1. If you count only protein heavy atoms and use a 1.4 Å probe, how large is the accessible surface of Ile148, to the nearest 10 Å²?
2. Over the chain, give the accessible area per residue in Å² for a 1.4 Å probe, as an integer.
3. Could you sort Trp16, Trp129 by accessible area so the largest value comes first, with the probe set to 1.4 Å?
4. Would you rank Asp75, Asp92, Asp283 by solvent-accessible area, highest first, keeping every protein chain in place and using a 1.4 Å probe?
5. Under a GNM of the chain (C-alpha, springs under 10 Å), which listed residue has the highest mean-square fluctuation: Gly165, Gly116, Gly69?
6. Ordering Phe144, Phe248, Phe154 by how much accessible area each has at a 1.4 Å probe, largest first, what is the list?
7. Just Val90, Val25, Val238 to compare: in a GNM of the chain, with alpha carbon springs under 10 Å, which one fluctuates most?
8. Quote the accessible area belonging to Thr206 in square angstrom, nearest 10, computed with a 1.4 Å probe and with ligands, DNA and RNA left uncounted.
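The values are calculated or read from the model by the stated rules, or taken from the named source; none is laboratory data. Quick caveat: nothing in here was measured; it's all calculated off a predicted structure. We place every Cβ from the backbone using ideal geometry, glycine too, and count neighbours over all the protein chains shown. Remember, those area values only see protein heavy atoms, side chains included, never the ligands or the DNA or RNA. Shrake-Rupley method; radii C 1.70, N 1.55, O 1.52, S 1.80 Å.
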Amino acid sequence: MAFLVRRLLALALTVWLATLAVFVVLEVVPGDPALLMLGTEARPDTLAALRDQLGLDRPAAVRYLDWIGGLLGGDLGVSVTYHRPVAELVADRLAITLPLALAALVLSTALALPLGLLAASRHGRAGDWAVMAFGQMGVAVPSFWFAIVLILVFAVGLGWLPAGGFPGWSAGVGPAVTALLLPAVALAVPGAAILARVTRAAVLDTLREDYVRTARAKGAGRRAVMLRHVLPNALVPVVTILGLQFAFLVGGAVVVENVFRLPGLGRLVHQAVGQRDLVVVRDVVVLLAVFVVAVNLLVDVV
């Protein structure tokens, strides 16, 4: 219980520092946020209207408290570019990004765990070297290049899957899942390369433990030792990496979403930065910070 209380307090402190940093960078440092959003050629009356809309004529402390109060109440403000509540934009984009992240995480785990076990069980042999080579390539190859290769092979060459875009869940589960398949693979393979290496290292460390030698001395078979004794105890660092990867997939899949033209959360942030929509940037960055901290808390508890 004391552990949970400490972690919750750390979560609250981290989120508060994140909101403070974002607010200071976007609205307090020297410069005019309205001028930044509209550009230097904006008319004075347009600038004045935007300043009034954003409340830039009020003290910074008042604006910060109003913003935090809105976040706590679910009011994220209205996008200057889309003229829609930011909460609606985020909800629409999460309906794409979350399934994509979950699919990539499942594919990554399904690929990495068997490869990690294979490499550890054949330590120093051909299977181990092959898995390590896959890990090196997966980490080294840029995700956007791998995404383009997938498009050229499976969309352009074979015509099996769409090259990009998202038809929407209203078009049916089949077309929507088909549109997410290539992006999920593009995100899963680099993650699987890292996870396979972590699994291999964790399994090798666990194989040296006394209870593993005891289980073998009692006559337990190699398969039983791996599945009943080694794998459950080796999953601690693996689960930690899984949590970090899931947080990255939700907030950091900007490049892959742009390659496949998926209207997800990462692409929303990318477009908001390009369109200088500071309201969207401010809110989404804080929400992603909250998500990352919450996932880390969940991983620690697990």
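1. 80 Å²
2. 52 Å²
3. Trp129, Trp16
4. Descending order: Asp75, Asp92, Asp283.
5. Fluctuation is largest for Gly69.
6. Most to least solvent-accessible, the answer reads Phe248, Phe144, Phe154.
7. The residue with the greatest mean-square fluctuation here is Val25.
8. 10 Å²
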